[in-house]
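Down below is the structure, laid out as structure tokens.
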Amino acid sequence: MILNSIDTTYAMSKVIDYYQNIDRIDGYFRQRKKERLDKVIPSLFAIEDEFFNDFTMNPMDMNFAVTEPSKEGYDNLFCQVSSFPSDDGPGRNVRFIIKETNTDTIVGFVRLGSPTINSAPRNRM
């Protein structure tokens, strides 16, 4: 795609407008966090109820399951409890939620990604 000067100026102005008040990387992360929180799907229940909080439970009595939620479900929960950005990088990503099964509550998040955009050449080798 080749942009003409009007389209280039328009695109440049959008980028400048977005980044004009961000002077450090943590400012960028805060801005992205605010944008993600604006998209959070409201729930009837408090977010705290989703997460493990029975600290009297003996670890030997705990059972864990790895679940693969939808991207939206993962992102909705993750962005509410993490300051780390959940933006996808290039390539493939898979997300997991670790649940304690006795309480049916979340104990952690896992996201694995591969920066390989096209794995066909690797697979042929």
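Filtering region 5-49 down to residues that are of a type in the set (Lys, Arg) and assigned to a loop (DSSP other than H, G, I, E, B), which residue is farthest from residue 71 (Cα to Cα)? Outline the logic, then answer.
At the first step, the residues of region 5-49 found to be of a type in the set (Lys, Arg) are 14, 24, 30, 32-34, 36, 39.
Filter again for assigned to a loop (DSSP other than H, G, I, E, B), leaving 24, 39.
Values: 24: 28, 39: 13 Å.
My answer is 24.
If the Cβ limit is 6 Å and pairs must be 6+ apart or interchain, which residue in region 35-58 that is closer than 18 Å to residue 79 by Cα pairs with which residue that is at pLDDT below 90?
Close Cβ pairs (under 6 Å, with a partner that is at pLDDT below 90) amount to 36/79; 40/76; 41/76; 47/80.
Within region 90-125, which residues are within 15 Å of residue 71 (Cβ to Cβ) and modelled with pLDDT of 75 or more? Write out each step before concluding.
Going through region 90-125, the residues within 15 Å of residue 71 (Cβ to Cβ) turn out to be 91-97, 109-113.
Hits for region 90-125 are 92, 93, 94, 95, 96, 97, 109, 110, 111, 112, 113.
Check residue 94 against each of (1) surrounded by 14 or more Cβ atoms within 10 Å (Cβ to Cβ); (2) in contact (Cβ under 8 Å) with a residue 24 or more places away in the chain and name the one condition it does not meet.
(1)
Go through region 76-89 residue by residue and tally those that are modelled with pLDDT of 85 or more and either among the aromatic types (Phe, Trp, Tyr) or within 18 Å of residue 114 (Cα to Cα) (or both).
1
For region 69-89, which residues satisfy the criterion of being out of contact with any Asp or Glu (no Cβ under 6 Å at 6 or more places or on another chain), surrounded by 12 or more Cβ atoms within 10 Å (Cβ to Cβ) and part of a loop (DSSP other than H, G, I, E, B)? Lay out the reasoning, then the answer.
Keep residues of region 69-89 that are out of contact with any Asp or Glu (no Cβ under 6 Å at 6 or more places or on another chain), which gives 69-85, 87-89.
Subsequent filtering for residues that are surrounded by 12 or more Cβ atoms within 10 Å (Cβ to Cβ) retains 69, 71, 73-82, 84-85, 88.
If the condition is that a residue be out of contact with any Asp or Glu (no Cβ under 6 Å at 6 or more places or on another chain), surrounded by 12 or more Cβ atoms within 10 Å (Cβ to Cβ) and part of a loop (DSSP other than H, G, I, E, B), then 69, 82, 84, 85, 88 are the ones that fit.
May I ask you to verify whether residue 31 is in contact (Cβ under 8 Å) with a residue 40 or more places away in the chain, surrounded by 12 or more Cβ atoms within 10 Å (Cβ to Cβ) and under 30 Å from residue 18 (Cβ atoms)? Walk me through it before giving the result.
Numbers: in contact (Cβ under 8 Å) with a residue 40 or more places away in the chain: no; surrounded by 12 or more Cβ atoms within 10 Å (Cβ to Cβ): yes; under 30 Å from residue 18 (Cβ atoms): yes.
Considered against the rule, which asks whether it is in contact (Cβ under 8 Å) with a residue 40 or more places away in the chain, surrounded by 12 or more Cβ atoms within 10 Å (Cβ to Cβ) and under 30 Å from residue 18 (Cβ atoms), residue 31 comes out as no.
The values are calculated or read from the model by the stated rules, or taken from the named source; none is laboratory data. Computed from a predicted structure; not experimentally measured. Ideal geometry is used to build each Cβ from the backbone, glycine not excepted, and the neighbour counts take in all protein chains shown.
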